[in-house]
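A.B. asks: Please see the structure below; I have some questions.
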Amino acid sequence: MNDEAFQQSVRKLLKTVGVTTQQEIEKAVRHALAEGHLKGHETLPARVTVEVDGLSLALDFEGDITLE
C-alpha cells in the first residue's frame, strides 16, 4: 500500500464531502427561510454517517447547526 496516495485520497474525499455538504446545507437553510419554514433563530439537529464499503465501517456523527 502506498501510504501517501492512501492518505491523499482520504483527505480529498473528506474535503469534497465537507465543502459540498456545507454548500447544500446553506442552500437548504436559505430556501427554508425564504419559504417561511424557518424563522432564523432555530437550532437544527444534524447527523452525518460515513460508510466505507469493504471495511464494514460506519461512523455516525451528531451535532447542531445553529442559525443564531
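A.B. asks: Is it the case that some residue within region 34-49 is farther than 18 Å from residue 68 by Cβ, within 13 Å of the chain's Cα centre (by Cα) and not β-branched (Val, Ile, Thr)?
C.D. replies: Within region 34-49, one or more residues are farther than 18 Å from residue 68 by Cβ, within 13 Å of the chain's Cα centre (by Cα) and not β-branched (Val, Ile, Thr).
A.B. asks: Give the residue that is surrounded by the fewest Cβ atoms within 10 Å (Cβ to Cβ), with candidates limited to residues of region 7-38 that are in a helix (DSSP H, G or I) and among the small types (Gly, Ala, Ser).
C.D. replies: 34
Readers should treat all values here as calculations from the given coordinates under stated rules, not as data from a laboratory. Remember, predicted model here, so these are calculated numbers, not experimental data. For neighbour counting, all protein chains shown are included, and Cβ atoms are generated from backbone atoms with ideal geometry for every residue, glycine included.
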